[in-house]
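Worksheet: one structure, shown below.
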Amino acid sequence: MNRYTVAVLVRNQFGVLNRVTSMFRRRRFNISALSVSETESAEFSRITVLFDGDETGEQQLVNQLYKLPDVCSIKELKKEESFSAELVLIKLNNNPAVRDEILAAGKAFEAKTVDYSRDSIMFQLTADSRRIDDFINLMRDYEILEICRTGTISLERGAATLRKITNY
């Protein structure tokens, strides 16, 4: 099984996200990460999907997505040709016995302390998925109160844009 990152440019319409994700469900792909946001134009939204599958199935899925009326363009974003990042917020118990270790770990990962109280410490880290996984795994040695993690976002390197591959 391969891991794929696909960016889908869609018309910003009610129900489009449901139609796109239903296509993944019908093709029996498990979505590992999903990120959706409006683009530089309110007319369009960008859906970035991270999923596992085989090459044949991935190509069939892309072909089926193109048949959806609100899909404008699709681009597979390969690691070597794009930049990807994720955001995590992680809240830990502010235990005085391990506080210095927690703060040192945050500093080592260049995580930003965004909230500090007597009872908790919250970090924000923007990085690639692997680095975020490593940070979370290190923090499991302490008492994690909550984690909130975004999906992967990706842009193709260079001047190429998703809007240049259109299916309007």
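The values are calculated or read from the model by the stated rules, or taken from the named source; none is laboratory data. Everything quoted here is computed from the prediction, not taken from an experiment. Cβ sites come from the backbone with ideal geometry, for glycine too, and all protein chains shown count toward neighbours.
A few remarks follow.
- Total residues in region 33-61, condition touching a strand residue (DSSP E or B) at 6+ places or on another chain (Cβ under 7 Å), modelled with pLDDT under 90 and of a type outside the set (D, E, K, R): 1
- Annotation: of all residues in region 118-136 being among the β-branched types (Val, Ile, Thr) and part of a strand (DSSP E or B), the one that is nearest to Glu86 (Cα to Cα) is Thr126.
- Residues of region 1-32 classified as part of a strand (DSSP E or B), in contact with an Asp or Glu (Cβ under 8 Å, 6 or more places away or on another chain), surrounded by fewer than 16 Cβ atoms within 10 Å (Cβ to Cβ) and among the hydrophobic types (A, V, I, L, M, F, W, C), total: 0
- The set of residues in region 33-68 being of a type in the set (A, V, I, L, M), in a helix (DSSP H, G or I) and surrounded by fewer than 18 Cβ atoms within 10 Å (Cβ to Cβ) consists of Val62 alone.
- Selection count, region 74-117, where residues are assigned to a strand (DSSP E or B), under 22 Å from the mean Cα position of the chain (by Cα) and in contact (Cβ under 8 Å) with a residue 12 or more places away in the chain: 15
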